[in-house]
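Take a look at the structure below.
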Amino acid sequence: MELLKQRILRDGRALSERVLLVDSFLNHQVDPKLMRAVGGAFAERFRDAGITKVVTIEASGIAPAVMAAEALDVPMVIMKKSVSSILREGIIQTEVFSFTKNQTYLLTLKSDFLTGADSVLLIDDFLANGEAAFGAIRLIEKAGARVAAVGAVIAKAFQPGLSKLRAAGYPTVALAAVRRMGDGFIEFEEDEK
Ligand code: G4P
């Protein structure tokens, strides 16, 4: 997605060869117009995929996911990383290891919000090792729903998540796939057709 890639080049910063800072428009401050365009780009790709729900993981996945859900005219479901005291019944959980935080958390979903009739588009802001995505997939499938596709706003293609999801048979789209980055430069893979 050209608009997104231009924005990453303008406002993103490679903190190292592995970490991309995009907190001025995606992870901390959010650009709603860009998120609307991102949601539209996902919707365009998956318009004919029979999607009934968009699912994401809190927190930074919410903005792009809600825009994709609006564009596809379906509900959006947020998987939680911590459970409040009012969310006790009918929940399903799976352990996810976060490499960036070096800790494990319990990804949680209220099973009422996904059924065997659902075809899900899973959206997240970043795809790195794929631990979060595979955790979300485990919960979606545990709820009896089908993962129709996965969308990442930004994928770090030099980390294994993107290829692991595709190898596991999940159609996966990254709107901007970073091939390489470092001090003062960010390079992208060619856009998929
Ligand atoms: P994985 O799920 O793909 O295996 O990745 P990992 O554990 O390494 O990532 C955990 C968190 O770090 C996720 O957000 C992910 O989006 C984010 N992340 C990974 N690589 C980068 C990067 O290069 N740049 C930025 N900005 N974020 C990255 P999170 O901690 O769950 O945060 P949030 O969604 O609550 O904001």
Checklist line | Kirkwood hydrodynamic radius (C-alpha pairs) into Stokes-Einstein, region 2-188, 37 °C and 0.692 mPa s, D in µm²/s | finding: 198 µm²/s
Checklist line | Under the Karplus curve 6.51 cos²θ - 1.76 cosθ + 1.60, θ = phi - 60°, whole-Hz ³J(HN,Hα) for region 139-156, x wherever Gly or Pro sits | finding: 5, 4, 6, 4, 6, x, 8, 10, 8, 7, 6, 10, x, 10, 5, 10, 10, 8
Next item on the list: Can you tell me the dipole magnitude for the chain around its Cα centre, using point charges on the Cβ only (Lys, Arg +1; Asp, Glu -1), in Debye to the nearest 20?
Entry: 240 debye
Notebook entry, point to check: In deg cm²/dmol and to the nearest 500, what is the mean residue ellipticity at 222 nm of the chain if only DSSP H runs of at least 4 residues count, each as -39500 (n - 2.57), divided by the residue total?
Noted result: -8500 deg cm²/dmol
Check: For the pair Lys81 and Arg18, what calculated FRET efficiency results from E = 1/(1 + (r/R0)^6), where r is the Cβ-Cβ distance and R0 = 22 Å, to the nearest 0.05?
Finding: 0.50
Notebook entry, point to check: Using the heavy atoms of the protein chains alone and a 1.4 angstrom probe, what is the accessible area of region 2-188 per residue in square angstrom?
Noted result: 49 Å²
Notebook entry, point to check: Looking at this model, which pairs from Lys53/Lys80; Lys5/Lys101; Lys53/Lys142 are more than 24 angstrom apart at the alpha-carbon?
Noted result: Lys5/Lys101
Notebook entry, point to check: Which residues' amide hydrogens lie under 5 Å from the amide hydrogen of Val173, considering only partners 5 or more residues apart or on another chain, with H built in the peptide plane?
Noted result: Val150, Gly151, Ala152
Check: Given 0.36 nm per residue, what is the gain on full extension from Ala117 to Glu189 after removing their alpha carbon distance, in nm?
Finding: 22.4 nm
Notebook entry, point to check: Which ³J(HN,Hα) values in Hz, rounded to whole numbers, follow from the phi angles of region 177-188 under the Karplus curve 6.51 cos²θ - 1.76 cosθ + 1.60, where θ = phi - 60° and Gly and Pro get x?
Noted result: 10, 7, 7, 7, 8, x, 4, x, 9, 9, 10, 10
Next item on the list: In whole angstrom, note down how far apart the Cα centers of region 149-193 and region 78-144 are.
Entry: 21 Å
Note to self: Can you sort Ser119, Ser82 by solvent-accessible area, 1.4 Å probe, largest first?
What the structure shows: Ser82, Ser119
Checklist line | Nonlocal amide H pairs with Val147, under 5 Å, H built at 1.01 Å | finding: Val120
Next item on the list: Tell me which residues come under 5 Å, amide H to amide H, from Leu20 once H is placed; ignore anything under 5 positions away on its chain.
Entry: Leu15
Check: What residue among Met35, Leu20, Ile57 has its Cα farthest toward the positive end of the dipole of region 2-188, where the charges are +1 on Lys, Arg and -1 on Asp, Glu, each on the Cβ?
Finding: Leu20
Check: Can you give the net charge of the other residues whose Cβ lies under 11 Å from the Cβ of Thr52, counting K and R as +1 and D and E as -1?
Finding: 0
Note to self: As I understand it, the dipole of the chain uses +1 on the Cβ of Lys and Arg and -1 on the Cβ of Asp and Glu, about the Cα centre. Which of Leu4, Gln93, Pro160 lies farthest toward its positive end?
What the structure shows: Gln93
Note to self: Let's test the formula: R0 of 35 Å, r as the Cβ-Cβ distance of Val30 and Ala167. What FRET efficiency results, to the nearest 0.05?
What the structure shows: 0.65
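The values are calculated or read from the model by the stated rules, or taken from the named source; none is laboratory data. Note that this is a predicted model, so its numbers are computed, not measured. Neighbour counts are summed over all protein chains in view; Cβ atoms, including those assigned to glycine, are modelled from backbone coordinates with ideal geometry. Note: areas computed on protein heavy atoms with side chains; ligands, DNA, RNA excluded. Shrake-Rupley method; radii C 1.70, N 1.55, O 1.52, S 1.80 Å.
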